[in-house]
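The values are calculated or read from the model by the stated rules, or taken from the named source; none is laboratory data. For clarity, every value in this text was computed on a predicted model and none was experimentally measured. No Cβ is skipped: glycine too gets one built from the backbone with ideal geometry, and neighbour counts run over all protein chains shown.
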Amino acid sequence: MASGSGSSDHDSPSRKLNGAISDFAASFVKKELEQLARDYDEVLAQVHAPKIRLLLMEVDEKRQAFDEAKNGMVQALRKKLEALEVDGSTINSALSDLQKMHPDYFNAIPRASVLNIRPGSPTTSSSSDSRLSSPGDSLDIAIDQDNSASLIQPVDDENPTVDGHRLSSTSVGGNPHIAGVNVDRDIQEQLVTETYGTNNSQKRSRDEAFESETDEHMPSRKDLATKTETNFPRKIWAEEVNPEEIVFQHSGLKGYYVIRCDQASCASLHFTEPPLIYRRAVKHFERHRSGNTSEPVGELTEQEVFENYAVEVKGVDDESREWLAAHTGGKPHIFTPKPRRASAGIRQGDSAKKPRREPEDRNYTPSRHASPLISVNDSGADECVLETENPRGHLRRVPRQDYAELVMGKSVRDTVATTFSDFGRTSSRSATTAEETDTRSTPKSEVFKSPNSRFKSMDAFWLFRRMAQTLCSSLESSSVVKLDQAIGYAASVLVATAGLTYLDGKYHLRQDLQIIRARNKADKLLNKAIEEKRLSPYYFFEKQAQAQPNKECIWSRGGCYTWAEAYYRANQYAQFFLQNGVRPGDLVAFFMANSPEFVLAWMGLWAIGAAPALINHNLTKQALLHCLGIADAKLILADGGDQLLERLDTVKDELAAGGVRVIKLADAKPEINVTRGERPGDELRETLQPSSPFGLFYTSGTTGMPKAVMVPATAGFMHGCSKDCGFSYIKGDDQRYYDCMPLYHGTGGISGMTQLMTGQTLCIAPRFSVSGFWDDIRESRATWFVYVGETLRYLLAAPPSPRDRDHGVHSIYGNGLRPDVWKPFRDRFGIETIFEFFNSTEGVMPLDNPARGDFRAHAVGHHGLIMRTRFRNVLVPVEIDVETGDIARDPRTGFARRVPYEAGGEILIAQPPVLTPPFPGYYKNPEATDKKYVRDVFRKGDLYYRTGDALRRDADGRWFFMDRLGDTFRWKGENVSTAEVSEVLGRYPGVLEATVYGVSLPNHDGKAGMAAIYVDPAAKSFDYTGFLKHARTHLPKYAVPIFLRQLKERSATHNNKQDKMPLKKAGIDPAQMEGNPVFWISDTGKGETYVPFTQKDLDLLRGGRAKL
């Protein structure tokens, strides 16, 4: 009876399925590894070997030059000692030590003449189970004098091992004849453990064997580039690391480490900040030494702390994203030990620092630690073995399938282990960006061979195994067992998985689905907030303040606030506004420079259901009164320098006549300081509706005076919940966001307030300054900063400095970054992620582009296939009439001409909006709102919104900005309205007509203002100094025309409209002025009058020797 039962178990479908799966998987993986090996053999021999040989030849030259210089110095010293009549034996003894001096890296690097890289001979396993052998060929990388020092050895036929990692014969499902595939032992243990469980006593014995095995094969730390002299006293698993404990890396060693104090009486046995920086750990252990007489009291070094107190963290790799984010703050600190003080004739600084190897493909993100390809062998000066580190941190000979380590610096074994772990525990899998998994144009047959692809063949095998076992288990419990159907179904899943992997890499399906899910989650939260009457952004700020009251909320050079202090201060402003008559739904005009008080006063208005009208503090007189009149605010809060307040004083009579009260913050601070910061009641915020104001922002528009757009409360709520829902551009905790952009502007203001709603530290500067920017970044410990395109150009134009990468910024956020600045800025300053976005004050077309590599560089947004399909008839590019700026229409049908996305055109947005945010309209300006819409575009009765921006989208879904249509141009980061400037210039005596337009300048971003003026012929002279003073008095600085062209006759079209096209075409070239004199502001735009602009001046601009 028992015998029959055993036979039945042995022949069960599960057993057969395990055997079939193992046969299939071993054969499949073997073929893939063999092909991978052949590919890398060819690359190594044809590409990398010549490069290595050239590098070694350069080292030989340096070695010879060093020896010659050393011998010369020794001989000179000998002569000087002999002249001093020093004893000959003393001279020889002293100089013999000097002769031994040699840089360490010369000993570590072989001579070019002895290096030989050649293909090896095929090896075949005679094992009874041939599918467990190493794939086909082997490769020898050896020194000619000692062919036995081969880097890659053939696998022993009788007993295949990899540096002591014996191929496991662990039975799968209890069948000893079904062995695992040729992967590392830990991976096979994981497979068995996750599928059926592993006996704990067996696991402990294996761990003990591993520890002894590691100690036996662990080389001396002096063999490594960093010369660490002692082995680590302890190792711990990742699960044993305390939640707040910080891990770090070593520049010459693999893995992650923590510093643990061994003093039982110590109050803090671990470190919550990087210990080997700012002498944190050194100071800690020096305090212990000073109080312990049994240990000598002396100055410690960080290297000594690392050698004596470092603990290696096992079970961590670069795919453990969530764990690393929690224990590194998103950017691990890498400890680089300083060279030891000279001893035994070795001078400090002789050891060369190994440069980090940059990958050719920037879409591939390498691990943060560099794997050294060459390690010193103490057996001889001219002989060494090329070796690499395995995941456990000790040197080993590389098995056949790990050739990718030599070529790419990345372990294929690690990748396989990661993919097993990912599919085995999908619930804890960290999401990766679409860019990291992007294979784009890679043929489907090459997906499994690409060393940069996250999805390897083992992913498919694992899913195949799990699906087949699950299906077979369910069939065993039924009356009919259909094993063939189970295997066939699982095989189809395998094929489907491979296909989906390829499709996701090419079309970014997962990226689109993540965005859709995140937005749906946010919509649910929004509906819930509306029902519960908790729509105010104030609640997000309050939540963060309660969660982290003692952490830093706001940093500035003028003063800092913790979250508790910021919360109290915001409530003080709320009570102050209530005392001054502000009620829910009101607008208060802010005429303020950047400061912590700006954002806290803004938050105080939210606390009582009100909002600010954000006035550009560069405006003067007419434009200023116009913007204040739109807001209809009865209270203005003003703060800033004397010039800012003077601009407001010039219109105080007009404001008083309109019943507007001005409160200068400097005068009101004593009152605010003594106001109790009590939390305003919820009833003040219950009246908020989705259309209630988040803030009133202004834009110059395309014509006329600035127009205002009310950003609704729904937009603010979406910013507040973005991090919880998963679509925030800032990931992780403890991020610090530096903001020196004007807070009255959407980019600086909205992004700054978003940090207070999502829990980041906001670092505020009064203004942007090239000279002080990086000092602020370092002082504030910022990890992000916000920019506009011109900001980065100015920073890039500054002279290079050794401290260009001495900062903590890993990501930046902003818009308007020009292609010629993107990569140079990223590479010079070491920026990992550039998050470029596209939008306008109207807020109807948001695009995002988080770019980590070259694939998305220069783009303003990106859509995967799903998003492209959804927006196919929502965002529509159309052809524009260049002369008129109107939409070009087919003369036969009267409808617009739609153009291909790849060609690009002005983007129209279908109305009413379904997938895009609605246009709230220009505040109190229905006429201007109507002009933004166009009807009967593609059929009678349809309605579209005109963005005024021309964009194109390529076949990979990347959006690129082309041009801003219409008359408006951008200069110094601001939109300049030509109609507004023309009106001001036309009021100056003697000017009959002023035509304003933007002109492109050599080596300058944006377009500079130029005015073609027609002066009254009856006027005997024209006062250019008075004209410039008039413009500066009535216009913002950025809107004052830099160039003038004095016309001899009016420039007009057939319908008496200003004809700007020939003027724009001529630009500033004196040779194309047709006899009209051209002028520019003296002293390259800084002077007090207009002076003639000559061909010599143009040549200076073209040569980059003159800058505006």
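Enumerate the pairs (first residue in the range 641-659 and without any contact (Cβ under 8 Å) to a residue 24 or more places away in the chain; second residue anywhere and of a type in the set (G, A, S) and not in a helix (DSSP H, G or I)) with beta-carbon separation below 9 Å, excluding pairs fewer than 6 apart on the same chain, so at least 6 apart or on different chains.
L645/A638
What is the number of the single condition among (1) modelled with pLDDT of 95 or more; (2) outside any helix (DSSP H, G or I) that F717 does not meet?
(2)
Which one of these is among the hydrophobic types (A, V, I, L, M, F, W, C), outside the structural domain of A1039 (by TED's automatic domain parsing) and touching a Cys at 6+ places or on another chain (Cβ under 9 Å): M710, M718?
So the residue among M710, M718 that is among the hydrophobic types (A, V, I, L, M, F, W, C), outside the structural domain of A1039 (by TED's automatic domain parsing) and touching a Cys at 6+ places or on another chain (Cβ under 9 Å) is M718.
Just to be sure before I move on: is R826 crowded, with 22+ Cβ neighbours inside 10 Å, within 24 Å of D733 (Cα to Cα), among the charged types (D, E, K, R) and free of Cβ contacts under 8 Å to residues at least 60 places away in the same chain in the structure I sent?
It is true that R826 is crowded, with 22+ Cβ neighbours inside 10 Å, within 24 Å of D733 (Cα to Cα), among the charged types (D, E, K, R) and free of Cβ contacts under 8 Å to residues at least 60 places away in the same chain.
On the basis of being farther than 30 Å from T650 by Cα, buried (at least 17 other Cβ atoms within 10 Å of the Cβ), in contact with a Gly (Cβ under 6 Å, 6 or more places away or on another chain) and not basic (K, R), does V1078 make the cut?
No: the conditions fail for V1078.
Scan the helices (runs of 4 or more DSSP H) fully inside the range 235-335 and keep the ones with 3 or more residues being modelled with pLDDT under 80.
Fully inside the range 235-335 and qualifying: 280-290, 321-328.
Filter the range 563-605 down to residues that are polar (S, T, N, Q) and either under 22 Å from G629 (Cβ atoms) or touching a Cys at 6+ places or on another chain (Cβ under 6 Å) (or both), then give me how many there are. First the steps, then the outcome.
Looking only at the range 563-605, we keep the residues that are polar (S, T, N, Q), and these are 571-572, 575, 579-580, 594-595.
Filter again for either under 22 Å from G629 (Cβ atoms) or touching a Cys at 6+ places or on another chain (Cβ under 6 Å) (or both), leaving 580.
So the count comes out to 1.
Being surrounded by fewer than 22 Cβ atoms within 10 Å (Cβ to Cβ), under 33 Å from the mean Cα position of the chain (by Cα) and farther than 21 Å from V709 by Cα, is that true of even one residue in the range 590-599?
yes
What number of residues within the range 882-902 are surrounded by fewer than 15 Cβ atoms within 10 Å (Cβ to Cβ) and either small (G, A, S) or farther than 23 Å from G941 by Cβ (or both)?
7
For the condition in contact with a Gly (Cβ under 6 Å, 6 or more places away or on another chain) and hydrophobic (A, V, I, L, M, F, W, C), what is the one hit in A607, A638, A611?
From the options A607, A638, A611, the qualifying one is A611.
Contact list please: Cβ distance under 9 Å, first residue in the range 1072-1083 and within 20 Å of V1040 (Cβ to Cβ), second residue outside any helix (DSSP H, G or I) and of a type in the set (D, E), pairs at least six apart or on different chains.
Listed pairs, sorted by first residue: V1078/D1069; I1081/E1088; S1082/E1088.
Going residue by residue through the range 1017-1032, is there one that turns out to be within 45 Å of the chain's Cα centre (by Cα), among the small types (G, A, S) and modelled with pLDDT of 80 or more?
Yes, some residue in the range 1017-1032 is within 45 Å of the chain's Cα centre (by Cα), among the small types (G, A, S) and modelled with pLDDT of 80 or more.
Being among the acidic types (D, E), more than 29 Å from T687 (Cα to Cα) and modelled with pLDDT of 95 or more: is that true of D653 here? Before you say what the answer is, go through the steps one by one.
Working: among the acidic types (D, E): yes; more than 29 Å from T687 (Cα to Cα): yes; modelled with pLDDT of 95 or more: no.
The answer is no for D653.
If I ask for residues that are part of a helix (DSSP H, G or I), among the acidic types (D, E) and modelled with pLDDT under 70, which ones from the range 1-46 would you list?
Answer for the range 1-46, where residues must be part of a helix (DSSP H, G or I), among the acidic types (D, E) and modelled with pLDDT under 70: just D9.
Anything in the range 555-570 that is among the aliphatic types (A, V, I, L, M) and farther than 25 Å from R778 by Cα? List them, or say none.
Result: A570, single match.
Examine the range 863-875 for a residue that is touching a strand residue (DSSP E or B) at 6+ places or on another chain (Cβ under 9 Å), among the β-branched types (V, I, T) and crowded, with 19+ Cβ neighbours inside 10 Å, and state whether such a residue exists.
no
Any residue in the range 713-728 that is hydroxyl-bearing (S, T, Y), closer than 29 Å to V770 by Cα and touching a Gly at 6+ places or on another chain (Cβ under 7 Å)? So that I can check it myself, show each step before the final result.
Step one: list which residues in the range 713-728 are hydroxyl-bearing (S, T, Y), which gives 714, 722, 728.
Next, only the ones that are closer than 29 Å to V770 by Cα stay: 728.
After this cut, where a residue has to be touching a Gly at 6+ places or on another chain (Cβ under 7 Å) as well, the list is none.
No - not one qualifying residue is present in the range 713-728.
Identify, from the list P1041, P1062, the residue that is touching a strand residue (DSSP E or B) at 6+ places or on another chain (Cβ under 9 Å) and at pLDDT 80 or above.
P1041
Taking the residues in the range 737-768 that are out of contact with any helix residue (DSSP H, G or I) (no Cβ under 8 Å at 6 or more places or on another chain) and assigned to a loop (DSSP other than H, G, I, E, B) as candidates, determine which candidate is surrounded by the fewest Cβ atoms within 10 Å (Cβ to Cβ).
R767
Just checking, how many residues over the range 249-282 are hydrophobic (A, V, I, L, M, F, W, C) and surrounded by 20 or more Cβ atoms within 10 Å (Cβ to Cβ)?
6
So for the range 621-629 (the condition being more than 21 Å from P712 (Cα to Cα), free of Cβ contacts under 8 Å to residues at least 60 places away in the same chain and assigned by TED's automatic domain parsing to the domain that holds I554), does at least one residue qualify? Working first, answer last.
First, pick out the residues of the range 621-629 that are more than 21 Å from P712 (Cα to Cα): 621-626.
With free of Cβ contacts under 8 Å to residues at least 60 places away in the same chain added as a condition, the list becomes 624-625.
From what is left, the residues that are assigned by TED's automatic domain parsing to the domain that holds I554 are 624-625.
So far as the range 621-629 goes, yes, one or more of its residues are more than 21 Å from P712 (Cα to Cα), free of Cβ contacts under 8 Å to residues at least 60 places away in the same chain and assigned by TED's automatic domain parsing to the domain that holds I554.
Just a yes or no: is a residue in the range 996-1007 touching a residue at least 40 places away in the same chain (Cβ under 8 Å) and of a type in the set (S, T, N, Q)?
Checked against the condition, which is being touching a residue at least 40 places away in the same chain (Cβ under 8 Å) and of a type in the set (S, T, N, Q), the range 996-1007 yields at least one hit.
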